[in-house]
1. Is it fair to say L291 is in a loop (DSSP other than H, G, I, E, B), aliphatic (A, V, I, L, M), more than 16 Å from ligand 2 (Cβ to nearest atom) and under 27 Å from N191 (Cβ atoms)?
2. Which residue, of P109, P184, is open to solvent by 20 Å² or more (accessible area, probe 1.4 Å) and within 13 Å of ligand 1 (Cβ to nearest atom)?
3. Residues in the range 80-129 that are in a loop (DSSP other than H, G, I, E, B) and under 15 Å from the mean Cα position of the chain (by Cα): how many?
4. For the subset of the range 283-297 comprising residues that are closer than 19 Å to R254 by Cβ and not aliphatic (A, V, I, L, M), which member is surrounded by the most Cβ atoms within 10 Å (Cβ to Cβ)?
5. Quick one: in the range 242-265, of everything that is among the hydroxyl-bearing types (S, T, Y) and touching a residue at least 24 places away in the same chain (Cβ under 8 Å), which residue is most open to solvent (accessible area, probe 1.4 Å)?
6. Applying the selection to the range 193-241, what residues are out of contact with any Phe, Trp or Tyr (no Cβ under 8 Å at 6 or more places or on another chain), outside any loop (DSSP other than H, G, I, E, B), crowded, with 17+ Cβ neighbours inside 10 Å and among the charged types (D, E, K, R)?
7. I'd like to verify a number: residues in the range 1-59 that are under 19 Å from the mean Cα position of the chain (by Cα), surrounded by fewer than 23 Cβ atoms within 10 Å (Cβ to Cβ) and among the charged types (D, E, K, R), how many?
8. What do you reckon, is G158 more than 15 Å from the chain's Cα centre (by Cα) and in a loop (DSSP other than H, G, I, E, B)?
Amino acid sequence: MRVLGIETTCDETAVAVVANRLGGGGEILSNEVMSQIAQHAAYGGVVPEIAARAHIDVLDRLITRALEHAKVGVGDLDAVAASAGPGLIGGILIGLTAGKAMALALGKPFVAVNHLEAHALTARLTDHLDFPYVALLVSGGHTQIVAVDGVGKYRRLGSTVDDAAGEAFDKVAKMLGLAYPGGPEIERLANEGDPRRFDFPRPMLGRAGADFSLSGLKTAVRQEILRMGPLSETDVKDLAASFQAAIVDVVVDRVRSGLWIFSETFGRPTGLVIGGGVGANGAIRRALTRLCGESGLRFVSPPPELCSDNGAIVAWAGLERHALGLHDDLSAAARPRWPLDAIASETHHGKA
Ligand code: KG4
Ligand code: ZN
């Protein structure tokens, strides 16, 4: 099977063609990503209107390129998939409409993919991981721990009550005068800084449940910066390192708790999976590798380019749904808010 996937929910325009392998897992035939970061950088964050226009500008070209690089003609596709949310409505509508138009013109099935589901299923594309497993989704817009019990069978074990992890990285980076997106910048500077110089709070540590709260940490960093006055290069590195150390501790504690909650309902997971842009963070990856090592659990961390937003993960989620006959009709709506748990109930009722 070959499926084309379109991703336009945030600031990456992306198109990919993915095939399944005999025996399981998938093969990425092409994966074209055009980042709009440069167009948003001046504003310190994603501007929805600029994002939507930029998607329109490049999507046609990216679709052509993805087919060319995959050496696949449109007639060879078995289905067309597009992210239908959650995300920015203007961008979603562009990718979703293009996907529907292609499917209609080609007479192929259409799949409306939940962007979070795409992140959650990536480990099956890259590592052929069996269900059930635990997924940590950490990006600029989302921070949640999800039980993945099958295609369409998701249960949120915990999520952030305020800021997403990537948002916290980006906001602290802005306070430190660093470029957008802030996550990679903080990580780079943290590598040269002292993570013990500032004892920042670790919100929710040791709490029951698997929810996150990150705005208190962000505020503590802001107060420290205000107290210090002008910052030296060393101060910036130490602040970045101490902030990142706090986030790592929080993530590890919440995941440990999430794994425990998971085991009560689902038994032993086949692994822990990370997804979302923050999943590229080396310190978080190393800490989770250690955590999994303690309990002999498999840690699946897809390569950074498949953690951040791209078309291959959307195409793969589309392929998994297509294989189960879970198609959508052309009235499928764009859904700026679309919790993963909602898919579970829809799929169970045979509505997907
Ligand atoms: O998943 P993504 O590409 O887009 C969405 O938000 O959906 O994630 C982008 C986020 C940004 O907040 C960015 O700062 C963060 O991921 N990020 C990182 C790193 N690379 C990207 N955060 C921490 N460390 C990184 N190395
Ligand atoms: Zn994402």
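1. Values: in a loop (DSSP other than H, G, I, E, B): no; aliphatic (A, V, I, L, M): yes; more than 16 Å from ligand 2 (Cβ to nearest atom): yes; under 27 Å from N191 (Cβ atoms): yes.
Criteria not met by L291.
2. Working: P109 fails: within 13 Å of ligand 1 (Cβ to nearest atom).
Just one listed residue meets the conditions, P184.
3. Start the filter on the range 80-129 by keeping residues that are in a loop (DSSP other than H, G, I, E, B), which leaves 86-88, 107-109, 128-129.
From what's left, under 15 Å from the mean Cα position of the chain (by Cα): 86-88.
Count: 3.
4. Step by step, filter the range 283-297, then rank; the result is C292.
5. Filtering the range 242-265 for residues among the hydroxyl-bearing types (S, T, Y) gives 242, 257, 263, 265.
Narrowing the set further to residues that are touching a residue at least 24 places away in the same chain (Cβ under 8 Å) leaves 242, 257, 265.
Numbers: S242: 0, S257: 24, T265: 81 Å².
That would be T265.
6. Passing the criteria: K218, D235, K237.
7. Within the range 1-59, residues that are under 19 Å from the mean Cα position of the chain (by Cα), surrounded by fewer than 23 Cβ atoms within 10 Å (Cβ to Cβ) and among the charged types (D, E, K, R) number 1.
8. Working: more than 15 Å from the chain's Cα centre (by Cα): yes; in a loop (DSSP other than H, G, I, E, B): no.
For G158, the condition - more than 15 Å from the chain's Cα centre (by Cα) and in a loop (DSSP other than H, G, I, E, B) - is not met.
The values are calculated or read from the model by the stated rules, or taken from the named source; none is laboratory data. Worth saying up front: this structure is predicted, and the values here are computed from it rather than measured. Note: ideal-geometry Cβ built from the backbone for every residue, glycine included; neighbour counts use all protein chains shown. We work out accessible area using only protein heavy atoms, side chains counted, and drop any ligands, DNA or RNA first. Shrake-Rupley method; radii C 1.70, N 1.55, O 1.52, S 1.80 Å.
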